[in-house]
Amino acid sequence: MEVQIKDVKLFIDATDRSMGFTLAFDRVRDQTKHIGHLCDMYDGEDDSIVTGFVFQNDKATKLGLRLEVAIQKMIY
């Protein structure tokens, strides 16, 4: 997936996927912690999820999403 900038926020357009969605990020702390607004392409539902970027050598290499409340770990 490619992270873009849209309306001065980080944004992912994954509507071309089988379970299409968009994800807009609101910065919480530093460059690593964000709240993601996950919008399902089919039902239009907007869920807020915890997200985080992992950096190596000043470059984001991983994106973690906490998709399930019951799972207290990020899914990378």
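Please treat every number below as a calculation from the coordinates, not as lab data. None of the values given here were measured: they were computed from a predicted structure. Note that each Cβ is placed from the backbone with ideal geometry, even for glycine, and that neighbours are counted across all protein chains shown.
For the reader, a short list of remarks on this structure follows.
- 3J(HN,Hα) from dihedral phi, the stretch 18-28, Karplus parametrisation 6.51/-1.76/1.60, rounded to Hz, x for glycine, proline: 4, 10, x, 7, 10, 9, 10, 10, 10, 5, 9
- A Cβ-based charge dipole, computed about the Cα centre of the chain with Lys and Arg at +1 and Asp and Glu at -1, lands at about 480 debye.
- What the Cα atoms of the chain give is an Rg and a Dmax of 12.3, 39 Å.
- Sites ARG66 and ASP7 - FRET efficiency at Förster radius 25 Å, r taken between beta-carbons, to 0.05: 0.60
- Peptides 12-18, 45-51 ordered by packing proxy, namely the average of other Cβ atoms within 10 Å per residue, highest first: 45-51, 12-18.
- The chain, relative contact order [Cα under 8 Å, separation at least 6], %: 16
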